[in-house]
């Protein structure tokens, strides 16, 4: 069974600073996808960034980037120049077939 | 930009009643999913649907649940006889292939 672990239940960062959210996963698959989703207080699930396991290059989307370490099964999210609107729950997710398998989430608070 | 839509946004029902949650996936997507999130917990996979049949389902998706694509646009989740523990946020998602899933805004189901 595939598991996704987010070891930081809560984090806090000041506006304009950089923060890194951790995620590790366990799988025997070789081809898969990894995602970070953001869930603001509205509870909508918003895709932040995706990474294909066969690509060595780390994905980036504007202020969001990942550090993908396939051998270590690690997939961390870096948020640069944090903004108040980044305050949300962040879920790491793994997909090797149909179902997305989510971690328990990290609650990120961005303070002024 | 195309979006997944869900109706209603909030449904309140009495225990034992049937509910139908509705979703309109993104128009060119072929794979459809339902997930649920009990308050304060992680997002859990329920079922995936492709080519007019269930492709995968979780242990949560028992005989009380069913899915249907009644026409070319809607995708529904039916809970036959609701229980208190069915109270949760239900998310519909869709994808083009085994790749990125885009989520709707969710339906909050409250069972009294």
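Taken together, the values in this text are just the output of simple stated rules run on the coordinates, not laboratory data. What you see is a predicted model, and the numbers here were worked out from it, not measured in a lab. FYI the Cβ positions are ideal-geometry reconstructions off the backbone, even for glycines, and counts take in every protein chain you see.
Label-to-label distance for residue A:54 and residue A:18 is 3.1 nm, based on points extended 7 Å past Cα in the beta-carbon direction. If you find the alpha carbon centre of region A:54-112 and of region B:14-84, how far apart are they in angstrom? Cα centroid of region A:54-112 versus Cα centroid of region B:14-84: 26 Å apart. On the beta carbon distance between residue B:63 and residue B:98, with R0 = 30 Å, the FRET formula returns roughly 0.65. Note that chain B carries a Kirkwood radius of 13.9 Å, evaluated over its alpha carbons pair by pair. Extension gain, residue A:80 to residue A:26: 0.36 nm times the residue separation minus the Cα-Cα distance gives 16.7 nm.
Calculated FRET efficiency, residue B:28 and residue A:47, Cβ-Cβ r, R0 25 Å, to nearest 0.05? Approximately 0.90, to the nearest 0.05.
When A:70, A:55 are sorted by how many other C-beta atoms sit within 10 angstrom of their C-beta, beginning with the fewest, the order is A:55, A:70. For chain B, the relative contact order comes to 38 percent (Cα pairs under 8 Å, sequence separation of at least 6).
The mean number of partner chain beta-carbon atoms within 10 angstrom of a residue's beta-carbon across peptide A:102-111 is 2.
Over chain A, Cα pairs under 8 Å with separation of 6+ residues give a relative contact order of 37 percent. Take each residue in B:103-109, count the other chain C-beta atoms within 10 Å of its C-beta, and the mean is 3. Label sites at residue B:51 and residue B:81, each approximated as a point 7 angstrom past Cα along Cα to Cβ, lie 3.5 nm apart. Pairs of Cα atoms under 8 Å, at least six residues apart: use those to get the relative contact order of region B:1-62, whole percent. So the answer I get is 22 percent. Note down the Stokes-Einstein diffusion coefficient of the protein assembly as shown in µm²/s, whole number, using a Kirkwood radius over alpha carbon pairs, 20 °C, and 1.002 mPa s. Estimated diffusion coefficient is 118 µm²/s. Look at the stretch A:41-53: the mean tally of other chain Cβ atoms within 10 Å of its residues' Cβ atoms is 3. Ordered by the count of other Cβ atoms within 10 Å of each Cβ, fewest first, B:69, B:80 give B:80, B:69. Let me make sure I get this right: for chain A, a, b and c are the square roots of the gyration tensor eigenvalues over alpha carbons, sorted descending. Under 1.5 in a/c it's rounded, otherwise prolate if a/b > b/c, else oblate. Which is it? Prolate is the answer for chain A, as a/c is 1.5 or above and a/b outweighs b/c. Panel order for B:15, A:11, B:89, A:45, by other beta carbons found within 10 Å of each beta carbon, from fewest to most: B:15, A:11, B:89, A:45.
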